[in-house]
Amino acid sequence: MRSICFYFQVHQPNRLRTYRFFDIGEKHDYYDNYTNRMIMRRVADKSYLPMNALLMDLINEYGSAFKVSFSISGIAIEQMKQYAPDALESFKRLAETGNVEFLTETYAHSLASLKSRKEFEKQVKMQTELVEKTFGVKPVTFRNTELIYSDEIGAMVADMGFELMLTEGAKHVLGWRSPNYLYTNAINPKLKLLLKNFRLSDDIAFRFSEQGWSEWPLTTKKFVGWLNAIDKNDEVINLFMDYETFGEHQWKETGIFDFMRELPARVFADSDYTFNTPSELGKMLQPKGPIHVPYPISWADEERDLTAWLGNEFQDEAFDKLYQLEDKVNICNDESVKNDWLNLQTSDHFYYMCTKWFSDGEVHKYFNPYGSPYEAFINYMNVLSDFEIRVDNCAGESEVDAETLKEKTEELLEEVQKSAKKIIEKTKKTVKKTVDKNKDLSFDDIKDLSNTAVKKLLKEVDLQDLAVVLKDASEEVTEKIIPNLGKRAQKSLAEIEKELGKVKKTDIKKIKKDIEGKLKELFKK
Amino acid sequence: MKVLMFGWEFPPHITGGLGTACYGLAKGLTKHNVELIFVVPKAYGDEDQSVARIVNASEIPFVLTDEEHKEFWSKIKYMEIGSKIVPYVDPEVYAKTYEENKKTGESFTSKVFDKKYEFSGKYGPNLMEEISRYALIGSTLGIEEDFDIIHAHDWLTYPAGIAAKKASGKPLVVHIHATEFDRSGRNVNREVYDIEREGMQAADMVIAVSNLTRNTVIEHYGIPPEKVVTVHNAVDQSMMQDVMEVKKPFKEKLVTFLGRITQQKGPAYFIEAAYRILQKDKNVRFVMAGSGDMLNQMVEHVARLRISDKFHFTGFLKGKDISHVFALSDVFVMPSVSEPFGIVPLEAMRSSVPVVISKQSGVAEVLTHAIKVDFWDVEGMADAIYGLLHYEALNKVFRKYGKKEVENLKWEDAALKVKNVYQTVLSNYNNK
């Protein structure tokens, strides 16, 4: 007895709107809600709803003999809630049959497993809770974004308590071994692995409508013939693919729905295969042994590596810059920041920046809203620049506050000390100057005296002497003295000066000395 | 295979892109064993004869015997020369030529039927007379020379091409480097348009330098699509300016526009983009290098937006000064409203300067490593420039791929396509 295991991936990113640099710091709405709604609605109508109805028919017809599994990213679930609740309802109906297993992954369909264990665990926990809440069953099987896997990622997943994980049956990892067995993680053998049979999966997912393909058209008869041709000892054929294969990648007109509707009957009639879910197989099958995956693999492109999302300059700069914000986001309590943090991690944004297809861009133009990786990168970085400002502000409020306060206080204290010092210095100088002046008051110092002081002095001085001494006085001193004389005294002084003839220098000197004596008498304490 | 090719100029005596393109193509064709007789109105003797036998039209004596020639001449004799009909020529050069000719008092007509005629080979006020005489020479060469096919570059040489075809009965290919719509926008010179259309109609096959130009040829000239083939221009590395290393004298980043300042080059869109960036980031300077009839208007535009402290005009640049500007630049912008091909961004890329180009340029069709925006989308243009100035990875990627991409645009490849056109034309011709 051999098994067929179907797993379908459902994911739609929240695509970013055209976000210009002049929006940075001004506007914080990042998403192209119109396009997101439109695409979700279109995919729901063309793919999810008709295919879910088809699966429901098959389950009704074959009962527990027909089983499939899904993983629906958290972001896709949220989008469906908003834009296509009917599609979400039909997934719930499938869940209720008990024939459909729902797997868990990272909530944001992110690449966190490659960068941050903490963030990875957080998102898996979130997603597990969301799946349980939405579909009523706690998921026990894990699949990582784009089936990305390495020994270390597997070990992390095992540490989280999962016992089964899905990944790619990459040729360069398997070598001569067949993907059609259960394997274990190389570090922690508790984690079992189901590997995608990429040839048979891609025959349906990619080549089904390819008219240049030598096997076109693909019939159920042919497909079951291939299944029968597989070594009898092989145990499980894992058919893993995007759910949009049905009706979106392969249009209805290609006959893809008819193929799927017919397949179970053909399998039951012409082969010994059964349909099983991943968790059933995890319990049923004996692992064949460990597989070693030192470098991460994925289910993408010929290379089955990470180069669709990471590795070029755009992707690496954006990815590193994003995760530099992780610590700050974690101390932030703003719900919208947390939500944007998840959405910005979605792998699709990095996929749009891929430069691998400069030569043949066709395959990846699908759903790509950008004309070139340059535009994808610029737009993402504009959004990220705004996000960074918000994260800084938000994180700053709690943590930075205390520190800045301390800093500011210290600064202030220093300033106060500085200005106090200045004032003291100044006062000292003034005091010294005054003291120095009083030491030997000279006749010329009259100019610096206050008017009151001059008046006081003039009372002591004879007008005759004043007239003599003014003959040789500086202008400043004269100007200080005259206004301080009474009007009559000014008149008398003028008369005396007229009559005054030549004055001996010795007389002036003598009178100056007298006045200086009086100054000292009056003002020195 | 032997080709009689009519051009207007040939290096080193060139005033613009036409001569450079002809030279590149000629060199490429020789690599594919195509023999060329390259006719120019005036040869100086120092042209590169290794790629083609250069025929100096000034040395071809012409004897008027045919009534048809007279009739032909009478058709285009009295066309007035406006500054805008001149292709690929900078206004300075044109004005200079024009002034010189005014001084020497060269007259407009009359010498066309002299036995010998000294072409200026420039774009002077005697242009129409020269074109006519050139056509007469074309007919003489058509009889005298031995060749399989005729190839004429841009409207100046179409009358010569047509005349040669008439005289020899050999097939004609015309090559569109620019149309009157690219040069003049909406103010199309009717006479030039007629010459262009006549050339395209008379041709067995039309080569356009871009799909953009091809569409113009089909839509505006009514030429059947199956007769028009796109062969993108390439880059002759030896004709490019040397890359310079210069230390920037200021700390701001520099964003550059370089080209004629005319409506068709979209200078106003560049200014509007600059204004938007300066609202957000004062750490940028902008330079508009070049001259043209809209220069004053642009200076006023900048002053009105109050960004003159960060926005500079250099006037017309050439040679080393161009390399210097590129060496200082962090981003180059070509916001052309209509650009048949556009070689300047390629020069910028050679200097590892990232470029933002309008989708309305032929060169956008061949470049992957350039950011392409609609010329009217000033916000998109501003955003692209801002991104290039702020996000380091963009520069890294451009430095990694941009220069290489330019170096891979080889005339050899373009020439092979031209040769294929010859072969198609010849096989149709022989089956007739």
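The values are calculated or read from the model by the stated rules, or taken from the named source; none is laboratory data. In this text, all values refer to a predicted model and were calculated from it rather than measured experimentally. Reconstructed Cβ throughout: ideal geometry from the backbone, glycine too, with neighbour counts over all protein chains shown. The accessibility values were calculated without ligands, DNA or RNA, using every heavy atom of the protein model including side chains. Shrake-Rupley method; radii C 1.70, N 1.55, O 1.52, S 1.80 Å.
How much of the DSSP bridge set in the protein assembly as shown is antiparallel, in percent, rounded to the nearest 5?
10
Rounding to the nearest 20 debye, state how big the charge dipole of segment B:206-259 is about its Cα centre with +1 on each Lys and Arg Cβ and -1 on each Asp and Glu Cβ. Could the numbers behind the result be given before it?
Numbers: 6 positive and 6 negative charges, 56 e Å.
Here the size comes out at about 260 debye.
If Rh is defined by the Kirkwood formula over all Cα pairs and Rg also comes from Cα, what ratio Rg/Rh do you get for segment A:443-523?
Ratio of gyration radius to Kirkwood radius: 0.93.
Which parts of segment B:258-285, residue by residue, lose 20 Å² or more of accessible area when the rest of the protein chains are there, as against the chain isolated (1.4 Å probe)?
Those are B:Arg276, B:Lys280, which lose 20 Å² or more relative to the chain on its own.
Taking 0.36 nm per intervening residue step and subtracting the Cα-Cα distance, what contour gain separates A:Val416 from A:Ser214 on full extension? Before the final figure, lay out each step's value.
Numbers: separation 202, 0.36 × 202 = 72.72 nm, distance 8.72 nm.
Gain on extension, A:Val416 to A:Ser214, equals 64.0 nm.
Pairs A:Lys406/A:Lys428; A:Lys480/A:Lys502; A:Lys433/A:Lys518: which are spaced more than 26 Å apart, C-alpha to C-alpha?
Pairs exceeding the cut-off: A:Lys406/A:Lys428.
Sorting A:Lys432, A:Lys283, B:Lys320 by accessible area (1.4 Å probe), largest first, what list results?
The ordering from most to least exposed comes out as A:Lys283, B:Lys320, A:Lys432.
Taking amide H atoms as placed 1.01 Å from N in the peptide plane, list the residues 5 or more away in sequence, or in a different chain, whose amide H sits under 5 Å from that of A:Leu164.
A:Phe142, A:Lys192
In nanometres, what is the gap between the two model label sites at A:Glu26 and A:Glu495, each 7 Å from Cα along Cα-to-Cβ?
8.7
Apply the Karplus parameterisation 6.51 cos²θ - 1.76 cosθ + 1.60, with θ equal to phi minus 60°, to every residue of segment A:254-264 and state each ³J(HN,Hα) to the nearest whole Hz, in sequence, with x for glycine and proline.
6, x, 5, 5, 4, 4, 5, 5, 7, 4, x
What distance in nm separates the simple spin-label points at A:Lys429 and B:Lys410, each placed 7 Å from Cα in the Cβ direction?
Here the modelled spin labels are 8.0 nm apart.
At 1.4 Å probe size, with every protein chain present, just tell me what the per residue accessible area of segment A:307-428 comes to in Å².
Working: 6570 Å² over 122 residues.
For segment A:307-428, the solvent-accessible area averages 54 Å² per residue.
Work out the FRET efficiency for B:Asn428 and A:Arg93 from their Cβ-Cβ distance, taking R0 = 41 Å, and round it to the nearest 0.05.
0.05
Can you give the FRET efficiency to the nearest 0.05 for A:Thr18 and A:Glu262, using r as the Cβ-Cβ distance and R₀ = 35 Å?
The value I calculate is 0.20.
Under a 5 Å amide H to amide H cut-off, with H placed in plane at 1.01 Å, what residues pair with B:Phe286 once short-range neighbours are removed?
HN-HN under 5 Å from B:Phe286: B:Val255, B:Phe311, B:His312.
Please compute how much accessible surface disappears when A pairs with B, both sides summed, using a 1.4 Å probe, and round it to the nearest 100 Å².
1900
Just to confirm my understanding: which cysteines in chain A have no other cysteine beta carbon less than 4.7 Å from their beta carbon?
A:Cys5, A:Cys354
Compute the helix-to-body angle for A:49-62: its Cα long axis versus the longest principal axis of chain A, expressed 0 to 90° and rounded to tens.
40
Using a 1.4 Å probe, what is the accessible area per residue for segment A:443-523, in Å²?
It amounts to 67 Å² per residue over segment A:443-523.
Where both residues lie in chain A, what percent of DSSP beta bridges are antiparallel, nearest 5? Mind showing how you got there, number by number?
Numbers: 6 of 35 bridges.
Approximately 15 percent, going by the DSSP bridge assignments.
For labels at B:His32 and B:Glu379 in the simple 7 Å Cα→Cβ model, what's the distance in nm?
Here the answer is 4.5 nm between the modelled labels.
Determine which lysines satisfy two conditions relative to A:Lys426: a Cα distance under 18 Å, and not lying fewer than 8 residues away in the same chain.
A:Lys418, A:Lys437
So what's chain A giving for Cα Rg divided by 2.2 N^0.38 Å, two decimals?
Relative to the rule-of-thumb radius for its length, chain A sits at 1.91.
Starting from 0.36 nm per residue, how many nanometres of slack lie between B:Glu219 and B:Arg186 once their C-alpha separation is accounted for?
Gain on extension, B:Glu219 to B:Arg186, equals 10.4 nm.
For segment A:1-142, which whole percent of the accessible surface, found with a 1.4 angstrom probe, sits on carbon and sulfur atoms?
Accessible surface attributable to carbon and sulfur in segment A:1-142 totals 51 percent.
How about B:Lys432: which lysines have a C-alpha closer than 22 Å to its C-alpha, ignoring those fewer than 8 places off in the same chain?
Partners found: B:Lys2, B:Lys165, B:Lys166, B:Lys170, B:Lys227, B:Lys419.
As an exercise, use a Förster radius of 45 Å and the Cβ-Cβ distance of A:Glu163 and B:Arg399 to find the FRET efficiency, rounded to the nearest 0.05.
0.40
Amide H neighbours of B:Met334 under 5 Å, counting only residues 5+ apart in sequence or on other chains, H built in-plane at 1.01 Å?
B:Val356, B:Ile357, B:Ser358
Please identify the GluC sites (Glu not before Pro) of segment A:149-248 that satisfy two criteria: DSSP loop assignment and at most 14 other Cβ atoms within 10 Å. Which are they?
Sites meeting the loop and neighbour criteria: A:Glu215.
Straight-line reach from B:Lys42: which aspartates and glutamates fall under 15 Å, measuring Cα to Cα and dropping same-chain residues less than 8 apart?
Of all the aspartates and glutamates, those that pass the test against B:Lys42 - Cα under 15 Å, at least 8 places apart if same chain - are B:Glu9, B:Glu59, B:Glu118, B:Glu129, B:Glu130.
Which whole number of Å³ per residue matches the convex hull of the alpha-carbon atoms in the protein assembly as shown?
In the protein assembly as shown, the Cα convex hull volume per residue is 304 Å³.
When the Cα centres of segment B:208-225 and segment A:468-483 are compared, how far apart do they sit, in Å?
Using only Cα atoms to place each centre, the spacing works out to 102 Å.
For the cross-link pairs A:Lys118/A:Lys321; B:Lys248/B:Lys282; B:Lys280/B:Lys320, which exceed 24 Å when the distance is taken from alpha carbon to alpha carbon?
Values: A:Lys118/A:Lys321 17 Å; B:Lys248/B:Lys282 17 Å; B:Lys280/B:Lys320 33 Å.
With Cα atoms farther than 24 Å apart: B:Lys280/B:Lys320.
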